[in-house]
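The values are calculated or read from the model by the stated rules, or taken from the named source; none is laboratory data. Please read these numbers as outputs of a predicted model, since none were measured by experiment. For neighbour counting, all protein chains shown are included, and Cβ atoms are generated from backbone atoms with ideal geometry for every residue, glycine included.
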Amino acid sequence: MANAEGIIPPKVVDTIVIGSGAGTTYTAVNQNRHRLYVANAQNSTVTVVDSQTDAIIDTIAIDSSFNIPSGFVSGPEQILVDEDEQRLYVLTNNGTISVVDENTLQVVDKFVFDSDAGGFEGLVTANMVFSKLTGKLYVQNDNFRIDIIDLRRQKVIGYIYDDQVGPLAIDQRTNRIYTSNAWDGTVWVIDGYADKVIDKIPGVGIAAEPANCYLTGDNCTVNPSFLVGVAVDETLDRLYVAGEDGRVVVIDTQRDRILQTYTNIPAFNLTVDPRTHAVYVIDDLSATLSVIDGLKNELIATNISVGEGLSMPTFTLPQTVTVNPANGKIYVSDFGFSGPDQVVVLQSYPTETND
């Protein structure tokens, strides 16, 4: 039964099979068009799905041939939907962004923003955010920085250097960008107007010791929390941060202060439903999903299966979680190393009870 806010523990209702060898990494939703877009890194495609029926309706080929050494996966890693401009921005691991027209589902432009991409010191990234207020794109670059791109000019206009830069999240109302730092347990707060770090929130996770042991190659005597996923609830002024040591930390974004820490939650990535304020947390190794009620600040469900996890011989590896506020569906992308490349669909709440 749904609680007063309409949040119920979700259950698996469908599986969208993308195909063997696709390398499914990321999903994005356009709730107005009733579409789900799926990035496939290994076969360099974007799958288009009807989000009402979960049926595949088209496949978009993405050119990922630029500047990648043999043997590296260079296809699509993330998709951003610009509902106002009816465009998709598809980030690939080779330092390019392809622009797709949502009306025709055709690639209409492509530009290179990282000419050094490739190998372990190049892009090799899976995360970016877009500021609606400034038109700037921020890309997590494994070359120890965040690239700032002017989409209109298709040009890098600056960098924010961070030797631990992790996944990004943005609050579109305040134009603040947040990034987790895996090794030192901090979260950085970036002003999206000035493109400067304005705060560093300590103690979000456990810091590795000694300091910089991950850079020097020395064995760390204290294992860090490995902060990974970040997600913003703009209405509640909350930031949620996932750590691979089994923590989800809740931060007040008005005061940049830690409010609460949940422990013993298998965590790798997370997202927020802006309609119900439910926080959905997935874990890659155990292939499970947990749910936090953001209004009540309660953990309401854990260990909901979304795959086989590390059980052999068909282990799956969930990568990202996306929610469609229009119909309450949750989409978990599954890389499927030795199992199927797929998107697992869960239903989070009955739409008719939340109008």
Could you say whether any residue in the range 244-258 is closer than 15 Å to Val165 by Cα and either exposed (fewer than 15 other Cβ atoms within 10 Å of the Cβ) or of a type in the set (Phe, Trp, Tyr) (or both)? no
Could you tell me which of the residues Lys200, Lys132 is over 20 Å from the mean Cα position of the chain (by Cα) and modelled with pLDDT of 90 or more? Lys200
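Would you point out which residue out of Gly229, Gly246 is at positive phi and within 20 Å of the chain's Cα centre (by Cα)? Explain how you work it out, then say what you get.
On the way: Gly229 fails: at positive phi.
Criteria check complete, one pass: Gly246.
So that you can scan it fast, the table gives a plain yes or no per residue for (1) modelled with pLDDT of 95 or more; (2) under 18 Å from the mean Cα position of the chain (by Cα):
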| position | (1), (2) |
| --- | --- |
| Glu209 | no, no |
| Asn212 | no, no |
| Cys220 | no, no |
| Leu236 | yes, no |
| Leu239 | yes, yes |
Taking strands (runs of 3 or more DSSP E) that do not extend beyond the range 164-225, which have at least 2 residues that are under 18 Å from Asp256 (Cβ atoms) and of a type in the set (A, V, I, L, M)? 165-171, 187-191, 196-201
Options Ala301, Ala267; residue that is touching a Leu at 6+ places or on another chain (Cβ under 9 Å) and either part of a loop (DSSP other than H, G, I, E, B) or in contact (Cβ under 8 Å) with a residue 12 or more places away in the chain (or both): Ala301
Taking strands (runs of 3 or more DSSP E) that fall entirely within the range 1-85, which contain at least 3 residues that are at pLDDT 95 or above and surrounded by fewer than 16 Cβ atoms within 10 Å (Cβ to Cβ)? 55-61
Could you tell me whether Arg176 is basic (Lys, Arg) and modelled with pLDDT of 90 or more? yes
Among the residues of the range 233-258, what is the count of those that are closer than 21 Å to Trp183 by Cα and part of a strand (DSSP E or B)? 12
Within the range 89-110, which residues are within 17 Å of Leu137 (Cβ to Cβ) and either touching a Cys at 6+ places or on another chain (Cβ under 6 Å) or touching a residue at least 60 places away in the same chain (Cβ under 8 Å) (or both)? Tyr89
Thr302 is checked against (1) over 21 Å from Arg35 (Cβ atoms); (2) at pLDDT 95 or above; (3) among the hydroxyl-bearing types (Ser, Thr, Tyr) and fails just one. What number does that condition carry? (2)
